[in-house]
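**Q** Encoded as C-alpha cells, here's the structure I'll be asking about.
Readers should treat all values here as calculations from the given coordinates under stated rules, not as data from a laboratory. Computed from a predicted model, the values in this text were never measured in an experiment. We place every Cβ from the backbone using ideal geometry, glycine too, and count neighbours over all the protein chains shown.
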Amino acid sequence: MTLIALGLNHQTAPLDIREQVALSKDQAPTALLALRDATAADEVAIVSTCNRTELYLVGDDSVQGNASNWLQSYHKLPAGHLESYLYCHRSADAVRHLLRVAIGLDSQILGEPQILGQMKQAWQMARANNTIGLHLDRLFQHTFATAKKVRTETDIGAGALSVAFAAVKLAEQIFGDFEHRTALLVGSGEMISLAARHFRQRGVSNLIFVNRTVERAQALATEHHGLAAALNDISQHLHQADIVISSTAADHAILSASQVEHAMRQRKREPMFLVDLAVPRDVEPSVADIDQAYLYTIDDLSQVIESGLIARRAAAEQAEQIVELRTRQHLEWIEAQRASDIVKRFRHNAQRESNRQLESALKRIESGHDPEQVVKELSHKLSRALLHVPTQLLKSMAQHRSDALLQQADTLIKLDADSTVDKE
C-alpha cells in the first residue's frame, strides 16, 4: 500500500494551465469515480481550488502513472501536456505535503485559512461517494486536527490576509479612497463575502451582488446592505461599477469583452478595475485590452500579498516543526496499522487451519478411531501446520546470515529457556 499525492499548483503551473484541470463542485463526484476506476486505486480524493488540483490515492506502485494519465485524458489534454507542471509525493512526503497545504504553508498567501475549508469539502465529497477508506479518511482527519493545533499554537493566521483582502487592497491603491465608489461582486462564495466585508470596512458606498441564483445574491445583499441582481442582468449594472470582483465556479467566462466595452462607453471611459479570482477565469482575458479597463487575475496579486507576510514568517517556522512531528505520528499509525493487518491475517490463517484439523479429527473419532490417539495426532499436526512457515523463514535467515533479523525474531517470539505456553 502506497500513499501518493499528485498534482499541480500556483508554484508549478501558470493560470492558463491550472484552469484546464480545475474541477467544479458539480464535476467532483463523477471525477472521483472515474479516477478510482482508471487507476485501480483502493482509495481516492481530489482537492481542486483556484490555486491547485491535487489527486490523493492509496494503491500499488502503478497508481502514480495511471493517475497522471487520467488527469490528462479526463480533461481531454494531449499526452504529456502536463508533464512539466506536475509534482508527485509518496508516503511520508505525501503526508507532509497534505499537512502543509491544509495549514496554508503551501498557499499563495502564507497561512490563508480558506484552503482548509476547501479540503474539508473534498474529504466530505470523497466520503459521500465512497471513494476513501481507512487510510485516507484517517489522514484527512489527522490533517484537520493538525491545522487546528497550528492555528491555536502559532500566529500563522495573524493579520487579515486573504486573496479577497489582497484584491480589495489593490483596488484601494488604485482609487485612493472608496467614498462614492460602487463595487460589483459576482458569485456567492466565501471569497465574495470576505471582499464585501473588506469593502464595507473601507467605506465603499454601494455594493451590487450578482449571482446565477438571485436568491443567493439577495442573501449577501441583505447581510452587507447592498443590491442584488441575477447574472443574466449583469449588463444592466456593469456600467455602474468602479470595481468588479468575480469568483464563481462557472466552467467558462461569464463576463465578455463586448459587455465590458459597452459598459465603458456608458461610463464615458471612466476607469474600471476588475479582479478575476476564478479558475477557470470568469472574465475574458481580452478585457485587458480595453482602454481604461484594468483587469487583474489571481496570479497578479502576489506583490500585494508579499507586504503582509512578514508577521507570518516566524510563525511558519513553528508550523513546520509541528508538521514534522505530526507527519511522524501519522507514519507511526500507518506502521501500527500494517502490523495489525499482519496479525489479523496470521490469526485468520491459524483459525482456518485449526478448524480444518479439528473437522478432520472429529470425523476420525466418529468413524471409530481412539479419541485419545486422535487428540494427540491433532495436537501434533496443528503444531506442525502452524509452525511450518515461521520455521522455514528462520532457516532461510540463518542460511543467508541475516543475524539482525534472527535476533528480532528471537525477541518477537520470546525464545528463552524458561518460556512456556502457561507464561504467555
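**Q** Report the normalised scattering of the range 2-158 as log10 I(q)/I(0) at q = 0.10 Å⁻¹, calculated by the Debye formula with identical scatterers on the alpha carbons.
**A** Log10 of I(q)/I(0), two decimals: -0.32.
**Q** Which residues make up the longest stretch of the chain that has no trypsin sites (Lys or Arg not before Pro) in a DSSP loop with at most 10 other Cβ atoms within 10 Å?
**A** Segment 77-267 is the longest.
**Q** For the chain, find the longest principal axis of its Cα atoms and tell me its angle to the long axis of helix 214-224, 0 to 90°, nearest 10.
**A** Helix 214-224 sits at roughly 80 degrees to that axis.
**Q** With N set to the number of residues, divide the alpha-carbon radius of gyration of the range 163-303 by 2.2 N^0.38 Å and report two decimals.
**A** Ratio of Rg to 2.2 N^0.38 Å for the range 163-303: 0.92.
**Q** Could you state, as a whole-number percent, how many of the C-alpha pairs of the chain are farther apart than 38 Å?
**A** Result: 41 percent of Cα pairs exceed 38 Å.
**Q** Return the FRET efficiency for the residue pair residue 200, residue 261: r is the Cβ-Cβ distance, R0 is 51 Å, and the value is rounded to the nearest 0.05.
**A** The computed FRET efficiency comes out at 0.95.
**Q** Let me ask you something else. Could you give the nm distance between label points at residue 346 and residue 236, where each point is 7 Å from its Cα heading toward the beta carbon?
**A** Roughly 7.4 nm, to one decimal.
**Q** When 82, 3 are ordered from fewest to most other Cβ atoms inside 10 Å of their Cβ, what list results?
**A** 82, 3
**Q** A follow-up question, please. Just tell me which lysines come within less than 17 Å, Cα to Cα, of residue 376; anything on the same chain fewer than 8 places away is out.
**A** 363
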